[in-house]
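Working notes, beginning with the structure itself.
The values are calculated or read from the model by the stated rules, or taken from the named source; none is laboratory data. Please read all numbers here as calculations on a predicted model, not as lab measurements. We place every Cβ from the backbone using ideal geometry, glycine too, and count neighbours over all the protein chains shown. When the accessible area is computed, the model is the full protein with side chains, heavy atoms only, and any ligands, DNA or RNA have been set aside. Shrake-Rupley method; radii C 1.70, N 1.55, O 1.52, S 1.80 Å.
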Amino acid sequence: MITITGIDPKMIANNIEPFEPTHPGEVLKEEIECRGISQKELSRQTGIPYTALNEVLNGKRAITTEYALLIEAALGIESSFWLRMQTDYNIQTTKRNKTFAKRLESIRKIAAVL
């Protein structure tokens, strides 16, 4: 799609999606490593079970609202940051699901006729 300015919105720096979506757990993992906090210590501070926290840090579990608030309390990084990042990750990975993309396309075709 080309806009009035003649620039494809996908080519504007703020609209470019990464090749691989970044799970917020990856960012959290880097953050605690930089601060010298172990996973066990963060688990203890937040009350998030170690196995659940480990799954978040390895991109196998989502950061929930509850986890985001607990992480905010422990690290001082706003919960809304973690939740926005999780939402962006979810949207990007869902858009890349071919079956779901076909479903969206068929809905868009129907909606265009209406």
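Worth a mention:
- Taking the range 77-114 as the range and being within 21 Å of the chain's Cα centre (by Cα) and farther than 30 Å from Glu30 by Cα as the test, the residues that pass are Lys98, Thr99, Phe100, Ala101, Leu104.
- Number of residues in the range 77-114 that are among the aromatic types (Phe, Trp, Tyr) and farther than 27 Å from Ile37 by Cβ: the value is 1.
- Checking Ile71 against (1) open to solvent by less than 70 Å² (accessible area, probe 1.4 Å); (2) more than 28 Å from Glu41 (Cα to Cα), the condition it does not meet: (2)
- Screening the range 55-68 for residues that are open to solvent by 50 Å² or more (accessible area, probe 1.4 Å) and either among the hydroxyl-bearing types (Ser, Thr, Tyr) or touching an Asp or Glu at 6+ places or on another chain (Cβ under 7 Å) (or both) and picking the one that is nearest to Thr22 (Cα to Cα) gives Arg61.
- Subset of the range 6-37 that is over 22 Å from Ala62 (Cβ atoms) and outside any helix (DSSP H, G or I) - its residue that is modelled with the highest pLDDT: Gly36
- Qualifying residue in the range 37-56 (condition: within 11 Å of Pro24 (Cα to Cα) and not charged (D, E, K, R)): yes
- Filtered by the rule that a residue be of a type in the set (Val, Ile, Thr), more than 17 Å from Ile37 (Cβ to Cβ) and assigned to a helix (DSSP H, G or I), the range 56-76 gives a lone residue, Thr65.
- The residue that is most open to solvent (accessible area, probe 1.4 Å), counting only those in the range 80-96 that are farther than 11 Å from Ile63 by Cβ and either assigned to a helix (DSSP H, G or I) or touching a helix residue (DSSP H, G or I) at 6+ places or on another chain (Cβ under 9 Å) (or both), is Lys95.
- Residue pairs whose Cβ atoms lie under 6 Å apart, separated by 6 or more positions or on different chains, with the first residue in the range 31-44 and hydroxyl-bearing (Ser, Thr, Tyr) and the second surrounded by 11 or more Cβ atoms within 10 Å (Cβ to Cβ), are Ser43/Tyr50; Ser43/Leu53.
- Extreme residue, farthest from Gly76 (Cα to Cα), among residues of the range 23-54 that are open to solvent by 70 Å² or more (accessible area, probe 1.4 Å) and of a type in the set (Asp, Glu): Glu26
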